[in-house]
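What follows is a single structure, written as structure tokens, with notes after it.
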Amino acid sequence: MSVVSFSSEYSSGTRDFVLGVLSGEGFDYDPLKDSDLDDIEGNYLRTGGAFFIYLYKGEIVGTSAVKDLGSDLCEIKRLYVKKECRGRCIGLALFLAALDFSKNNYSFAKLKTDESLQKAISIYLSNGFEIVKEKAGTLYFEKPL
């Protein structure tokens, strides 16, 4: 079990994993929000960001990402863990990998999550993020790095 940096060998598996988790939570593919998964290298790695996957016995069971937003600002996103693997600190490990990358490359980070995801909210708050806005069931967080 380990967090690894994304590489092209995981392209289709990563996309399928994320869309599978979203589908399992009741969300359909959204071409506006999910097109970044069609070219992870181009949308994250080549633009100064990062994308992490968690492998268990060679299978992708989690992801996290850091998106460069310009002006020394990033967004931590794409934090997903396979339903049957939750509760094993995989999400925390993925979040910390993204946060460490962010601290080493940016001055400010933001993220957002659904207000129903209490475990994620607890992780964000305990790592110094503050809620700056709530809109239509989505909480928006920010943190100076």
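Scanning the stretch 47-75 for residues that are of a type outside the set (Val, Ile, Thr) and within 16 Å of CYS89 (Cα to Cα) returns PHE52, TYR54, LEU55, TYR56, GLY62, SER64.
Restricting attention to the stretch 103-123, which residues are over 12 Å from the mean Cα position of the chain (by Cα) and crowded, with 18+ Cβ neighbours inside 10 Å? Scanning the stretch 103-123 gives TYR106, ALA109, ILE123. Within the stretch 90-130, the residues that satisfy the criterion of being touching a strand residue (DSSP E or B) at 6+ places or on another chain (Cβ under 9 Å) and of a type in the set (Gly, Ala, Ser) are GLY91, ALA93, ALA97, ALA98, SER102, SER107, ALA109, ALA120, GLY128. Inside the stretch 78-89, residues that are surrounded by fewer than 21 Cβ atoms within 10 Å (Cβ to Cβ) and either over 16 Å from SER2 (Cα atoms) or in contact with a strand residue (DSSP E or B) (Cβ under 7 Å, 6 or more places away or on another chain) (or both) make up a count of 4.
Based on what the data block shows, is GLY70 without any contact (Cβ under 8 Å) to a residue 12 or more places away in the chain, surrounded by fewer than 16 Cβ atoms within 10 Å (Cβ to Cβ) and either over 25 Å from GLY24 (Cβ atoms) or polar (S, T, N, Q) (or both)? Answer is yes for this residue. Based on this model, can you work out whether ILE60 counts as of a type in the set (A, V, I, L, M, F, W, C) and either more than 15 Å from the chain's Cα centre (by Cα) or within 15 Å of THR14 (Cβ to Cβ) (or both)? The answer is yes for ILE60.
Among the helices (runs of 4 or more DSSP H) lying completely within the stretch 1-118, list those that include at least 3 residues that are within 24 Å of GLU130 (Cβ to Cβ) and at pLDDT 95 or above. Walk me through it before giving the result.
Details: elements: 11-24, 31-34, 40-43, 90-105.
Helices (runs of 4 or more DSSP H) meeting the threshold: 90-105.
The values are calculated or read from the model by the stated rules, or taken from the named source; none is laboratory data. All of these numbers come straight from a predicted model, not from anything done at the bench. Neighbour counts run over all protein chains shown; Cβ positions are idealised from the backbone, glycine included.
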